[in-house]
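Structure record follows, encoded as structure tokens.
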Amino acid sequence: MEAFSHFLNSISSTGIHVFDKTIPFSKYVPLDLSIKNEVLNAINISSSTTLGNFVNTHIQNHHGLIGFGGYNETRNIYQRSTHFNKMEPDNERNIHLGVDLWAPEGTVVYTPLNGIVHSFKNNTHYGDYGPTIILKHSIQDYTFYTLYGHLSLKSISHLKVGMAFKQGDLLGDLGKPDVNGDYPPHLHFQIIKDIQEFKGDYPGVCSKKDLAFYLNNCPDPNTLLKLRNILFY
């Protein structure tokens, strides 16, 4: 895994963009949605409107345009959905495996690397990804996958398996809460080494008992994005 992460980091010396590259990384604001953020205890995080107000206020207060964060972050937000919370402490899926990029509905998502469409699907469980695209990448001696969740329905309406995308191509745009799993608009971006048998879906949240496997199979997306790893708390 260390070799794979080193390879991902070596693809580019600068951060790779999945949003408009004219937005400087200085306008990306770290956002903590973990159980350690006591501010969240005072708001109803099960409401996409309330959570969206919190996210947007945080970004504005830090003079940013996009919020980001969440890799290997334990969150309470998934307790609202039986898709994640099976009322079994050891099996509760509450550890986030991708990076979330919080931006307005309709924000365009661009392809970060050359790839082809592996699969796509509208994951309609409450609290799930909604419209999702998975790309397959083959670079040097490595084959791996990137997942884009919480998109708009039109993002997947024209796709076909095997369709090719070049770095910088328009891939899709962010969906609104009534199609994206009932979250404030954002992109869930995840790297997957072994996609296993999944199509149009892959776990983006895992339980503590499965964490070692998923951290090994889903390295930190910041190996590509290279966003600042700072929190304003």
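The values are calculated or read from the model by the stated rules, or taken from the named source; none is laboratory data. Small disclaimer: the values here were computed from a predicted structure and weren't measured. Note that each Cβ is placed from the backbone with ideal geometry, even for glycine, and that neighbours are counted across all protein chains shown. Surface accessibility is based on the protein's heavy atoms, side chains included, excluding ligands, DNA and RNA. Shrake-Rupley method; radii C 1.70, N 1.55, O 1.52, S 1.80 Å.
Quick notes on this one:
- Among (1) open to solvent by 80 Å² or more (accessible area, probe 1.4 Å); (2) part of a loop (DSSP other than H, G, I, E, B); (3) modelled with pLDDT of 95 or more, the one test that Asn229 misses: (3)
- Taking the criterion of being at pLDDT below 95 and not in a helix (DSSP H, G or I), the only residue of region 207-225 that qualifies is Ser207.
- From Asp141, Asp169, residue being closer than 30 Å to His6 by Cβ, modelled with pLDDT of 95 or more and not basic (Lys, Arg): Asp169
- Selected residue [over 30 Å from Ala3 (Cβ atoms), modelled with pLDDT of 95 or more, more than 17 Å from the chain's Cα centre (by Cα) and not in a loop (DSSP other than H, G, I, E, B)] from Lys160, Lys121, Lys154: Lys154
- Residue within region 141-151 that is on the phi > 0 side of the Ramachandran plot, in contact with a strand residue (DSSP E or B) (Cβ under 7 Å, 6 or more places away or on another chain) and assigned to a loop (DSSP other than H, G, I, E, B) present: yes
- Residues satisfying the criterion are absent from region 198-214 (criterion: open to solvent by less than 60 Å² (accessible area, probe 1.4 Å), of a type outside the set (D, E, K, R) and without any contact (Cβ under 8 Å) to a residue 60 or more places away in the chain).
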